[in-house]
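Derivation of every value follows stated rules applied to the coordinates shown; laboratory data play no part. In this text the structure is predicted, and so the values were computed from the model without any measurement. In this analysis, Cβ positions are derived from the backbone assuming ideal geometry, glycine residues included, and neighbour counts consider all displayed protein chains.
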Amino acid sequence: GPVAPTLYSHHDMLTVHEVFCRRVYPVDPGSAVIVDVGANIGISALYFLTQAPHSRCHLFEANPALIGRLHENLREFSQRVVVNELALATFDGRVEFGLEETGRYGGIGVPATTTIEVPCRSATAVLEEVIAAEGGIDLLKLDVEGVELDLLRSLPGSVLERIDAIHVETESPHNPLPGSFEMKRTGLVSSLFKPSRGEFR
């Protein structure tokens, strides 16, 4: 059915257009477990939750200014989401996080006039926990303003083999995981899928 997220700037409308109109993050309707890293105000999560009606979403967002908006936009789906207020990195601890006015472009190491320290956890450890709890991950989305490939390449084979598909925003046109995943490119989003499962629908 219809969803009506609250938007806070034209940058949020750009996100709606990318996700719901251009469909840069296609998802299999049968997906059960989705991990959204860089959840922002919940637009991509809304798409996943409505397109895959039996899915559960594990969301990660480190910008404290966006957490309330994220919860508000996902209120109707609260039983199907787990919101984690932290960044994913290649280590556990705290990390400098750049903030900017719209909330859309902040992140680890992003040059900004305002920076804060936020808690972070190792992407490997976090995804291992999700896999242990859920049995696997149908879709992983990474949009964290520049450290996507660092996170992806830090994941061991034991984690990657339990992930069926990945959407990663990156300027690189090359497949970051050749041999393990095939790739389809849409704008700045590389969609990776297991050869045995075929391309996204």
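Values for this structure:
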read-out: Chymotrypsin sites (Phe, Trp or Tyr not before Pro) within the range 68-155: DSSP coil, no more than 16 neighbouring Cβ in 10 Å; value: 91, 105
read-out: Loop sites in the range 92-201: GluC sites (Glu not before Pro), DSSP, at most 14 other Cβ within 10 Å; value: 101, 161, 171, 199
read-out: Viscosity 0.890 mPa s, temperature 25 °C, Stokes-Einstein D of the chain from Kirkwood C-alpha radius, µm²/s; value: 145 µm²/s
read-out: Surrounding net charge for residue 149, when Lys and Arg each add one and Asp and Glu each subtract one, Cβ distance under 15 Å; value: -3
read-out: log₁₀ of I(q)/I(0) at q = 0.11, 0.14, 0.18, 0.19 Å⁻¹ - the range 1-115, Debye sum with one point per alpha carbon; value: -0.35, -0.57, -0.93, -1.03
read-out: Mean Cα-pair separation over length for the chain, i.e. relative contact order, pairs under 8 Å, 6 or more apart, %; value: 18 percent
read-out: Rounded to the nearest 20 debye, dipole of the range 19-131 from Cβ charges on Lys, Arg, Asp, Glu; value: 360 debye
read-out: Where labels lie 7 Å past Cα in the beta-carbon direction, separation of residue 6 and residue 175 in nm; value: 4.4 nm
read-out: Charge tally in the Cβ shell below 9 Å around residue 9, where Lys, Arg are +1 and Asp, Glu are -1, residue 9 excluded; value: -1
read-out: Residue (of 8, 81, 62) at the positive-pole extreme of the chain, dipole from beta-carbon charges; value: 81
read-out: Net length gained if the chain between residue 17 and residue 185 were fully extended (0.36 nm per residue, minus Cα distance); value: 58.7 nm
read-out: Efficiency of FRET between residue 101 and residue 50 - r from beta-carbon atoms, R0 22 angstrom, step 0.05; value: 0.15
